[in-house]
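Everything below concerns the one structure shown next.
The values are calculated or read from the model by the stated rules, or taken from the named source; none is laboratory data. Just so it is clear, the model here is predicted, and its values are computed rather than measured. Reconstructed Cβ throughout: ideal geometry from the backbone, glycine too, with neighbour counts over all protein chains shown. These accessible areas exclude ligands, DNA and RNA; they are computed on the full protein's heavy atoms, side chains included. Shrake-Rupley method; radii C 1.70, N 1.55, O 1.52, S 1.80 Å.
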Amino acid sequence: MASSACFNISQPIPIFPLLLLLLLTSTITPLHSSPTQTHATNQTFHPQQELNKLNMMRARLDNINKPALHTIQVTTPFQLYVLCFFTSSVSTINKTGVFLMQSPDGDLIDCVLSHLQPAFDHPKLNGQIPLDPPERPEGHKPPRTVTESFQLWSMNGENCPEGTVPIRRTTEEDMLRATSFQMFGRKVRRWVRRETSSDGHEHAVGYVTGDHYFGAKASINVWAPRVADQYEFSLSQMWVISGSFGDDLNTIEAGWQVSPELYGDNYPRFFTYWTSDAYQATGCYNLLCSGFVQTNNKIAIGAAISPTSSFDGGQFDISLLVWKDPKHGNWWLEFGSGVLVGYWPSFLFTHLQDHATMVQFGGEVVNSSPSGFHTTTEMGSGHFAGEGFGKASYFRNLQVVDWDNSLVPLSNLVVLADHPNCYDIQGGINTVWGNYFYYGGPGRNGRCP
C-alpha cells in the first residue's frame, strides 16, 4: 500500500478586494466584454462609474444568494492543493512526484429555507410557501426506487435538511465571466423557430406542433461535450412553447448543458429556463431570478450530473417530465426517477397559462465562428446520429401530455437540423424506445468548414 504525506491550502485569496484595488489603481478595459469586441489599449478610466458597477453587481449577488441554514462546501481545484509523496509507483503521479487532487465540481451548495428562496421575492408569491405536489399525468409510472444520487455535490451522502432547498451559490467570479452582469443568468434573445439563421445558435431537434399540449416527457443520455470557447455552450433539452415567435413567446425549458461562461467549468449540469417575452426582460436560468419554485431538498439546479455516458461504453440517461397541474395551472418538473423538483407558477406566463402549442426536444450549440471558421464545440457526444447507440446522443420515449392529463405517444414528430454537415439528427420508432432520435456532431469537420 502506498503511503503519503500531504498538506493542503484550503483558503482562497478573495477575488473581490483584489479586483477593487486593481480598478482603483490602474487604467483598464471594461470588466465585461464579449469575445468579439475589441478595445483600445488605453481607455479612459472612470473610478466612480466602475465603483457603481461593482456596487450593483454586489447588490445583485446579495439578491440571488439567500441566507443559508447550512452550507455544503466542495473545495475547488483553485482552493485545495494536496501535495502527496508516495513510496510506491502510482500512475497518476507526475514526473516531479506531485499529486494534484481536484474536487468533483467545486460548488458551494447553500441550504436555504424553502420560503426564502428567490422565487418568493416575486410580489405574487411574497409571504407564501411552496405548494404540495399534484398528481402525475395518467400513464406515468416512475420506478419504485427514487433514491439514486446523480449529482456530484451529494455523492458523499450529505443533503440539505427538510424544509430547505439546495441552491448553488453564485459567486463574484461567476458574474465576472458574463458578458455583462445585467445579462448574467439570462439567454441572449434569439428566435426559437428551427430555421437556418445567422444568430450563432445551431440546433438538431425533433418537434411536434398543431395541437394543444399540457406537458412533455423524455429520457436523454448525458454526455460531457467539448465546448471550444468560454462564450459558447452545448445543451440538450426539452422546450414547452406557446405564443407566436415574436415578442410574446413563452417557453419552459429543462435539460443538461455545458456552459463555461455560466458555471466556470466543463461539467454537464442540470438546468432550467423560462421566459414569457422571447428572452427580452423576463426569465432566467435555474434560480437566478424570482420564478421557479423549488420543492425538493436533494436536487440542486445548476449542479453537475454524474455519471455521464462514455463512447462505445456505458450509457447514462435522465428522465424529464414537465406537465401542467389541471387544478392550479402551474407547470411542474420531475427529474430522474420520479423525484419532483418544483414548479413554474402559472402567473409567470401569458399563453402558457392555458396550454402549449409546440414541444421540442434536442440539442443546441452556440457557434461564435472563431477566426472565420465554424466552431469545434460538440453537440451531444460529438458524434453524428448515424453512428447509433453507444456513440451518438439520443432522446427516447418521447411523449406529450394531452388535455385529459394523460401521457400519450407522439403522432407527428418532425426532425430538423439547421446545419446537418455540422450536427445532424435521425428519428425512429420501436416498441422499446417508442419515439426516439439520435442527434449531435463534432462541429467543424471536413464537411463543415
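So which residues in the range 318-348 are more than 21 Å from the chain's Cα centre (by Cα) and touching a residue at least 40 places away in the same chain (Cβ under 8 Å), if there are any at all?
Result: Lys324, Asp325, Pro326, Lys327, His328, Asn330, Phe347.
Working only within the range 171-183, note down all residues that are open to solvent by 10 Å² or more (accessible area, probe 1.4 Å), modelled with pLDDT of 80 or more and either over 18 Å from Trp274 (Cβ atoms) or touching a helix residue (DSSP H, G or I) at 6+ places or on another chain (Cβ under 6 Å) (or both).
Thr171, Glu172, Glu173, Leu176, Arg177, Thr179
Please enumerate the residues belonging to the range 287-308 that are open to solvent by 10 Å² or more (accessible area, probe 1.4 Å) and either farther than 21 Å from Leu235 by Cα or among the polar types (S, T, N, Q) (or both).
Ser290, Thr295, Asn296, Asn297, Lys298, Ser306, Thr308
So which of Gly427, Gly388 is more than 22 Å from Phe271 (Cβ to Cβ), open to solvent by 40 Å² or more (accessible area, probe 1.4 Å) and at pLDDT 95 or above?
Just a single option satisfies the conditions, and that option is Gly427.
Kindly indicate the residue of the range 430-440 that is open to solvent by less than 30 Å² (accessible area, probe 1.4 Å) and touching a helix residue (DSSP H, G or I) at 6+ places or on another chain (Cβ under 8 Å) and also nearest to Ser219 (Cα to Cα) among those meeting that condition.
Phe437
Modelled with pLDDT under 95, of a type outside the set (Lys, Arg) and not in a helix (DSSP H, G or I): does that describe Glu202?
Answer is no for this residue.
Please verify whether the range 360-372 includes one or more residues that are open to solvent by 10 Å² or more (accessible area, probe 1.4 Å), of a type in the set (Gly, Ala, Ser) and either in contact with a helix residue (DSSP H, G or I) (Cβ under 6 Å, 6 or more places away or on another chain) or free of Cβ contacts under 8 Å to residues at least 60 places away in the same chain (or both).
yes
Starting from the range 258-278, take each residue that is on the phi > 0 side of the Ramachandran plot and list its partners that are open to solvent by 20 Å² or more (accessible area, probe 1.4 Å), counting only C-beta distances under 6 angstrom and pairs at least six apart or across chains.
Ala278/Asp247
Scan the range 391-424 for residues that are of a type in the set (Gly, Ala, Ser) and modelled with pLDDT of 95 or more and jot them down.
Ala392, Ser393, Ser406, Ala417
Looking only at the range 391-416, count how many residues are open to solvent by 50 Å² or more (accessible area, probe 1.4 Å), in a strand (DSSP E or B) and in contact with a His (Cβ under 7 Å, 6 or more places away or on another chain).
0
Exactly one condition in (1) open to solvent by less than 40 Å² (accessible area, probe 1.4 Å); (2) small (Gly, Ala, Ser); (3) modelled with pLDDT of 95 or more is false for Gly336; which is it?
All conditions are met except number (3).
Where in the range 215-279 are the strands (runs of 3 or more DSSP E), entirely inside, with at least 1 residues that are within 20 Å of Lys324 (Cα to Cα) and open to solvent by 10 Å² or more (accessible area, probe 1.4 Å)?
Fully inside the range 215-279 and qualifying: 215-221, 269-275.
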